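Presented below is the structure to which this report refers.
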Amino acid sequence: MEEKVNNNGQYSKVDNPFKKGCNPSYVTARSKLQQKRSRLNDDIIKELRLRRGAENLLRATGNKEIKEKVLIELGFVKSKLEVLRGDLAELNSSVKTYQNENSSQSVPMITLGLKETKDTNFQTVFMDYIEEHYSESGSLYSQPIDKLHALRKAIRTPERSEAGIELLITYYNQLGLIQKRFYPPGRSVPVYFTWYDSLTGVHITQKTLGYEKGSVLFNIGALYSQLGTAQDRGSVSGLDKAIDYYQRSAGVLKYLRDRFTHAPSRDMSTDTLTLLIQLMLSQAQECVYERMILNLGPSTKFSDCIVFSQEAAMVASMYEETHNAVSSKSVRNDVPASWLTITIMKSNHYLAMAHYYLASALLTSKELLPSFNEIVEMLEKVTKRDAKSSKHIQYTEDKARQRLYCRSHLNYVISLNETAEKDYSFCRMLRSNDDVFLNVLHTAQENAQTLLDKVSDERDFEDIFVSATPIVPKSTQLVQITVSDFSKFKVEDFFADLGPISVFSAQHEWTSPRTVKLTKDEKNGFGFTIKGDVPSVVIEVEEHSSAQTNAILDSTVYITKLLWW
């Protein structure tokens, strides 16, 4: 059952026609998370109101005793706000909830939470506008308005599925029709929309339809990110889907950033959206790397290891960019603190994997190694050795120098993994989840140490004077933003009875309809020419005809009903 607004402005129970893609009663870890987020948002609103009231009282009163009490109360309110915002940040940092249960051995991904909203009542405003602008009884359109209410109610709890995406896009496209019907250019329409910032929990109310459309777009991008994280990354097909969903999420968020400027909430600001786009693309690139490893398996071939190395370096490079974006002053205080840790950990981890695979390539069995000249040629393409730097040694035919070259990369691997583990230990929100990431780091560290033991030498004191040569990032599939085609999702025009939207829209001004009775002249007929089906437009009126006498003006009159007798 669903709630609808009746003529008295009260809610009554009706069947929701938009059940596909919406399941408000389905209890999952994700839905529980959304419910907790909703409750926290409500608590934050209460505390903000208390703070506002206390601040107003502080400014208004001159009584010293009252001021002291108000200051104490303000201190309590601010402390509670900090706790609530910390709880919300912890919910937004939850990486366990959205992961696929079969991906327990995969590095966890970051997922965006949906923006919460409150009910909105279109009924009174739309009915009044129909009577004022279209000169029809607003009560005739109570059913289409009920449909609109039901659709908006449904998009508050979308399924984490393609059907959920379709539901959100359907509502977004419906808003495009609503804008044409009820939102005249340059005129404000008093329908208020309230949405909560998905990162800070602060609610913002505006009466611009652009705010509603932008918030829905954000949720489409967020739901795509949840679908990407929900895929089984232990299979190639699951990774293919994850890549596609993350790229689509980036596409929707980019569209939102480019089309809806001056957003009122922090989660929809230009800098935040730029960060989220970069994050989604980084995670898509990570899936490309995982798919390559899955396809080729634990290969020890020289050429495969070189490809793995550059692929991992590309992921590391993208996460470094993401970390820089998270660290920027404009967004650092709005996003969960754990994002800082996760992005730098992933950057260090994949950079470690890049150097590990390069060392593995050089330490493969002699029978599988190419010639020395081919190795040198390959290393010149893969690495960025600074000839002026004494720490960047050159790969030579000397076996001892070759082992030293490999050790420089393996020592760097161990150093990077140790840094990542240290970052992990300092992040309380990561520690509260399963130790999946930590297990991945431990495995990588053990593999690197095993390989290092093979090339260790008693004269390892030389290692402190050399450093690993940087690796050139390169990918066999550099991820790109995917633009979703919303036009393929056809929507019903709830207010089709008003007439074709190309004619009967808020952009056109109308007079009240009138009935004109014409007498047919035997010579000239009625004296006017019409074009098109109903509603037809009068394109020509003859002089001294019955039509001209009755003040039918060409190109300004639409005929909605024509009776002959």
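The values are calculated or read from the model by the stated rules, or taken from the named source; none is laboratory data. What you are looking at is a predicted structure, and each value in this text was computed from that prediction instead of being measured. Methodologically, a virtual Cβ is constructed for each residue, glycine included, from the backbone with ideal geometry; neighbour enumeration extends over all protein chains shown. Ligands, DNA and RNA are stripped out before the accessible areas are found, and what is left, the full protein with its side chains, is counted by its heavy atoms. Shrake-Rupley method; radii C 1.70, N 1.55, O 1.52, S 1.80 Å.
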Report summary line: When every residue in region 529-565 that is assigned to a strand (DSSP E or B) and either of a type in the set (Lys, Arg) or farther than 22 Å from SER502 by Cβ (or both) is compared, the one modelled with the highest pLDDT is VAL541
Report summary line: Just one listed residue, out of PRO184, PRO108, is open to solvent by 10 Å² or more (accessible area, probe 1.4 Å) and within 25 Å of ILE243 (Cα to Cα), and it is PRO108
Report task. Tell me, please, whether a residue that is closer than 22 Å to SER135 by Cβ and in contact with a His (Cβ under 9 Å, 6 or more places away or on another chain) can be found in region 509-520. Result -> yes
**Report entry** Any hit, region 297-320, residues being open to solvent by less than 40 Å² (accessible area, probe 1.4 Å) and touching a Cys at 6+ places or on another chain (Cβ under 8 Å)
**Finding:** yes
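Let's see how each residue does on (1) in contact with an Asp or Glu (Cβ under 6 Å, 6 or more places away or on another chain); (2) of a type in the set (S, T, N, Q); (3) surrounded by fewer than 16 Cβ atoms within 10 Å (Cβ to Cβ):
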| residue | (1), (2), (3) |
| --- | --- |
| ALA468 | no, no, no |
| ILE471 | no, no, no |
| GLN480 | no, yes, yes |
| LYS490 | no, no, yes |
| THR511 | no, yes, yes |
| THR515 | no, yes, yes |
Query - Exclusive hit being out of contact with any helix residue (DSSP H, G or I) (no Cβ under 6 Å at 6 or more places or on another chain) and either without any contact (Cβ under 8 Å) to a residue 24 or more places away in the chain or buried (at least 23 other Cβ atoms within 10 Å of the Cβ) (or both), set SER265, SER269, SER282 - result: SER265
Query raised in the report: For SER299, are the conditions met, namely being in a helix (DSSP H, G or I) and hydroxyl-bearing (Ser, Thr, Tyr)?
Result: no
Query raised in the report: Quick one: would you say PHE489 is under 30 Å from LEU140 (Cα atoms) and in contact with a Ser or Thr (Cβ under 7 Å, 6 or more places away or on another chain)?
Result: yes
Query raised in the report: Does region 233-253 include one or more residues that are touching a residue at least 40 places away in the same chain (Cβ under 8 Å), surrounded by 20 or more Cβ atoms within 10 Å (Cβ to Cβ) and farther than 21 Å from THR322 by Cβ?
Result: yes
Report task. Just need a number here: residues in region 135-168 that are open to solvent by 20 Å² or more (accessible area, probe 1.4 Å) and more than 28 Å from SER484 (Cβ to Cβ). Result -> 8
Query raised in the report: Do we have GLU380 as within 42 Å of the chain's Cα centre (by Cα), assigned to a helix (DSSP H, G or I) and modelled with pLDDT under 90 here?
Result: yes
Query raised in the report: Does region 478-500 include one or more residues that are assigned to a loop (DSSP other than H, G, I, E, B), modelled with pLDDT of 90 or more, in contact with a Pro (Cβ under 9 Å, 6 or more places away or on another chain) and among the hydrophobic types (A, V, I, L, M, F, W, C)?
Result: yes
**Report entry** Selection status of LEU199, without any contact (Cβ under 8 Å) to a residue 60 or more places away in the chain, buried (at least 17 other Cβ atoms within 10 Å of the Cβ), within 20 Å of ARG257 (Cα to Cα) and out of contact with any strand residue (DSSP E or B) (no Cβ under 6 Å at 6 or more places or on another chain)
**Finding:** no
**Report entry** Output for region 321-333, where each listed residue is in a loop (DSSP other than H, G, I, E, B) and open to solvent by 30 Å² or more (accessible area, probe 1.4 Å)
**Finding:** SER328, LYS329, SER330, ARG332, ASN333
